[in-house]
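Below is one structure, written out as structure tokens; comments come after it.
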There are 4 protein chains.
Amino acid sequence: MSRMREMDDKKAKRELILDAAVRVFSRRGYHEARMEEIALEAGIGKGTIYEYFDSKLTLFQEVLGRSRDIYYNSLAIENENSLSLREKIRLVFLSHIRFCQENKELTRVVFWDTEIMDEELKAWSYEKRKEKERMLSEVIEKAMEAGEIRGINPYALTLVITGALGALWLPIVLEEWSGDAESLAGELTDIIFEGIKG
Amino acid sequence: MSRMREMDDKKAKRELILDAAVRVFSRRGYHEARMEEIALEAGIGKGTIYEYFDSKLTLFQEVLGRSRDIYYNSLAIENENSLSLREKIRLVFLSHIRFCQENKELTRVVFWDTEIMDEELKAWSYEKRKEKERMLSEVIEKAMEAGEIRGINPYALTLVITGALGALWLPIVLEEWSGDAESLAGELTDIIFEGIKG
Amino acid sequence: MSRMREMDDKKAKRELILDAAVRVFSRRGYHEARMEEIALEAGIGKGTIYEYFDSKLTLFQEVLGRSRDIYYNSLAIENENSLSLREKIRLVFLSHIRFCQENKELTRVVFWDTEIMDEELKAWSYEKRKEKERMLSEVIEKAMEAGEIRGINPYALTLVITGALGALWLPIVLEEWSGDAESLAGELTDIIFEGIKG
Amino acid sequence: MSRMREMDDKKAKRELILDAAVRVFSRRGYHEARMEEIALEAGIGKGTIYEYFDSKLTLFQEVLGRSRDIYYNSLAIENENSLSLREKIRLVFLSHIRFCQENKELTRVVFWDTEIMDEELKAWSYEKRKEKERMLSEVIEKAMEAGEIRGINPYALTLVITGALGALWLPIVLEEWSGDAESLAGELTDIIFEGIKG
DNA sequence: CATGAATGAGACTTCATTCAT
DNA sequence: GATGAATGAAGTCTCATTCAT
């Protein structure tokens, strides 16, 4: 076998393992994923994984890294310098939605949260979130009827608001952001109400 | 000891364990948390936890449930029916930020994602996110200079956009949302640019 | 309270614990029995058992010892020296069957071959059995000398009798056999004396 | 390694574990037996046992089941239909004594009335005993019809025979009795057939 | 003396990783 | 190189026993 072909084989088997790992990590999360299941999914022996990856953690890091790279590449906004910001943002949203729709397993690895989640807890969690969404939607529709806000898709607004909330805890908790709450709350609300159009 | 006092003690010890558990689950995540560490943190013996909670999962469920309840109660928007939507949204943002600032450990339990996160991976993850933010900020500032958008806090806009993105994968992947990508992307962009004011 | 009364109380509580222990050991066996269940059954606190018994093993040893004493006393063949061997054997069978029928819990403790058997207990158990065999052998040899029975290996007869006794508790206690004690004792004795030859 | 050899190895290791388990269960009983001790006895690692058996209980069940099968097969009286009842009974005693003498550890596992006995095992155990009794009763009744033995209660005879068998293992295994199997079997049969009457 | 909350040694079991074949 | 049987560290949980009240 030529050295070229050998390397291709080597690369191909790595790829095989990574593909299997994406699927398994996606449906089990890191801790519930078993090396044996990944090997089985890849159709190879358990020990073979260790020929290509140092450890479970290493494998996961590569899976996560590649998945995120694929995701970020799919956003592809840097190549579109001629577009307006509006168009760029629209494109980001569009690419994101399409990526998620077309790569559910990759998406799960990239955005996965709370790994344990036995069925009871999952249901409870889901209900709580739905309740929050229902509450928000109700308030939004009332405000729309009252003419306080213009006609928009309430679900889209829900996404914007809950999204900002979800994005807002990490810098505070992990990066020790300690700015002024009043100003930030005001600025966020201002953007949502007045828009950013120049 | 009076029966009254006894019950207080019983309750107090439960509370003691829950407090310790919040701290340990917060800094380790569910799987990396060790029952022994929780006991140590609470200043009690390993077996004592099992006098108050059936299992590790049960304990975590209570910690998560209580943390979320505290969080949702802190938002407290239902009692403020007289306020305008604008004011309500501002209040939600404000409460959220203040809660996160004042209850970092609780926050971590409530919003925690991807539990493994050894230091290397955490750093890598952080860098990737920062890069995304920098990129966005740059684009935003350019658009602001060009007069395409009005003068706003770029970081606030970053939060709105990345937040919406972060909120957008779960319904697609877990709830099998399969609406039209084009319309949703358009509506989201529209909200951000035009605002929602009536 | 008088010293006399105190000692009665002390004795009464020991008795209370032993009674509870017989019931629990009988239905659970040694290893599955929980000290807490014994305390509950006795209507006292868990710690109180340790005021009267050094350990679970000690408690079991006393329960086993007393149960066996009660059993052996119920056989009561030594006081009946005037009887013929045939009548003695019939009486042993009869007493055994009646004891089993009337003391199912005690019976279970006595005959349930528990695996614990620390060295001390094993020795005690062994000695008790040997004593029973010696007694039987003596009686047999006397009867043989007296010409009441023909020349046989006394040990073999001991095996047949103690064997039948050992085989006789399980159907009574576990399968709720409730036939007529007199007839069965008679039939067994008859077989042993007359043989089964046609 | 050839697939044939592999399977032999796999089987051999199972056998290795089962052998070690017989020894350890025999000298410790179920509850006092430690998985680590079994592994040590087998000269393998603790985890290896779990490659071949699901749990400690499963392992014990197989040990007990196999031991009993070996014992029951050793009795082998069903193939000897031409023999008289007297000869059959003598053979049962003989086989039993020889089995106990030659398989002390197996014997201990078979006759040591362990308290574990989960429901499945209990049912299995009960069924096996009932089967033994049925077989004996059948043989007895046939012999009675044929006039080989006189009219007696077959159940009583069953008790005498199984009782003697049950009484016969302990002196052999624990007290290292090493008398002549032929004579003892003969003497027991003689007592049962001829009776002891002078 | 009586209690039961607290304890921690020690059991079973899992599973990432190794290594002889 | 590929394999999977073997490993043992490490985790959760139990329960006899202790001891402050």
message: I'd like the full set of residues that are touching a residue at least 24 places away in the same chain (Cβ under 8 Å) and of a type outside the set (Val, Ile, Thr), limited to the stretch B:36-50.
response: B:42, B:43
- request: Considering (1) open to solvent by 30 Å² or more (accessible area, probe 1.4 Å); (2) in a helix (DSSP H, G or I); (3) in contact (Cβ under 8 Å) with a residue 24 or more places away in the chain; (4) more than 9 Å from chain D (Cβ to nearest Cβ), say which one residue C:141 fails and leave the rest.
  value: (3)
Test set (1) more than 7 Å from every other protein chain (Cβ to nearest Cβ); (2) over 17 Å from the mean Cα position of the chain (by Cα); (3) surrounded by 17 or more Cβ atoms within 10 Å (Cβ to Cβ) - residue D:156 fails condition number: (1)
- line: Scanning the stretch B:48-65 for residues that are among the hydroxyl-bearing types (Ser, Thr, Tyr) and within 7 Å of DNA strand F (Cβ to nearest atom) gives B:50, B:55
query: Which of the residues that make up the stretch C:11-52 are among the basic types (Lys, Arg) and within 8 Å of DNA strand E (Cβ to nearest atom)?
result: C:13, C:46
message: For the condition modelled with pLDDT under 90 and either farther than 17 Å from residue C:170 by Cβ or buried (at least 16 other Cβ atoms within 10 Å of the Cβ) (or both), what is the one hit in C:75, C:91?
response: C:75
- request: Considering (1) within 7 Å of another protein chain (Cβ to nearest Cβ); (2) at pLDDT 80 or above; (3) out of contact with any Lys or Arg (no Cβ under 8 Å at 6 or more places or on another chain), say which one residue A:118 fails and leave the rest.
  value: (2)
task: Show the residue pairs that are 6+ apart or on different chains and have beta-carbon atoms under 6 Å apart, the first residue being within the stretch B:187-198 and more than 16 Å from residue B:140 (Cα to Cα) and modelled with pLDDT of 85 or more, the second being open to solvent by 10 Å² or more (accessible area, probe 1.4 Å) and assigned to a strand (DSSP E or B).
output: none
query: What single numbered condition from (1) more than 8 Å from chain D (Cβ to nearest Cβ); (2) under 20 Å from residue C:85 (Cα atoms); (3) polar (S, T, N, Q) fails to hold for residue C:125?
result: (2)
message: Please go through the stretch D:57-74 and give me each residue that is without any contact (Cβ under 8 Å) to a residue 24 or more places away in the chain and near DNA strand E (Cβ under 10 Å from one of its atoms), ordered by number.
response: D:58
Check on residue D:86, assigned to a helix (DSSP H, G or I), modelled with pLDDT of 85 or more, in contact with a strand residue (DSSP E or B) (Cβ under 9 Å, 6 or more places away or on another chain) and open to solvent by 50 Å² or more (accessible area, probe 1.4 Å): yes
- request: Can you work out which of the residues in the stretch D:166-198 that are at the interface with another protein chain (Cβ under 7 Å from one of its Cβ atoms) and open to solvent by less than 10 Å² (accessible area, probe 1.4 Å) is nearest to the chain's Cα centre (by Cα)?
  value: D:168
query: Looking only at the stretch B:32-47, which residues are near DNA strand F (Cβ under 8 Å from one of its atoms), in a helix (DSSP H, G or I) and not acidic (Asp, Glu)?
result: B:35, B:46, B:47
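The values are calculated or read from the model by the stated rules, or taken from the named source; none is laboratory data. Every value quoted in this text rests on a predicted model; they were computed, and no experiment measured them. Ideal geometry is used to build each Cβ from the backbone, glycine not excepted, and the neighbour counts take in all protein chains shown. Each accessible area value is taken on the protein alone, full model and side chains, heavy atoms only, with ligands, DNA and RNA left out. Shrake-Rupley method; radii C 1.70, N 1.55, O 1.52, S 1.80 Å.
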